Amino acid sequence: MDKLPEDPMILFSAVNMLLRDDYSSLDALCEDRQVDRAALEAKLKAAGFEYNEKQNKFW
């Protein structure tokens, strides 16, 4: 499984692409890629992004 990028801006783009193309929810992405959801959300929140469950994307 490919590791998610460390850079917050690239991570934001990569996660949104995965959510759009491959996963119906952030939980599904985190489970499949074995990523800690809270840590992922915290990292993106520190960069100014929050997850919108209804839209299934960070913004």
The stretch 10-35 residues that are closer than 12 Å to F49 by Cβ and open to solvent by 30 Å² or more (accessible area, probe 1.4 Å), paired with ones that are aliphatic (A, V, I, L, M) and not in a helix (DSSP H, G or I) (beta carbon under 7 Å, 6 or more apart): F12/A47
Condition test on N56, is it touching a residue at least 40 places away in the same chain (Cβ under 8 Å) and under 10 Å from the mean Cα position of the chain (by Cα)? no
Restricting to the stretch 1-49, name every residue that is closer than 15 Å to W59 by Cβ and part of a loop (DSSP other than H, G, I, E, B). A47, G48, F49
Give me a count of the residues in the stretch 50-59 that are in a loop (DSSP other than H, G, I, E, B) and of a type in the set (A, V, I, L, M, F, W, C). 1
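The values are calculated or read from the model by the stated rules, or taken from the named source; none is laboratory data. Note that the structure is a prediction, hence the values are computed from the model and not measured. We place every Cβ from the backbone using ideal geometry, glycine too, and count neighbours over all the protein chains shown. Keep in mind that these areas ignore ligands, DNA and RNA; they rest on the heavy atoms of the full protein, side chains included. Shrake-Rupley method; radii C 1.70, N 1.55, O 1.52, S 1.80 Å.
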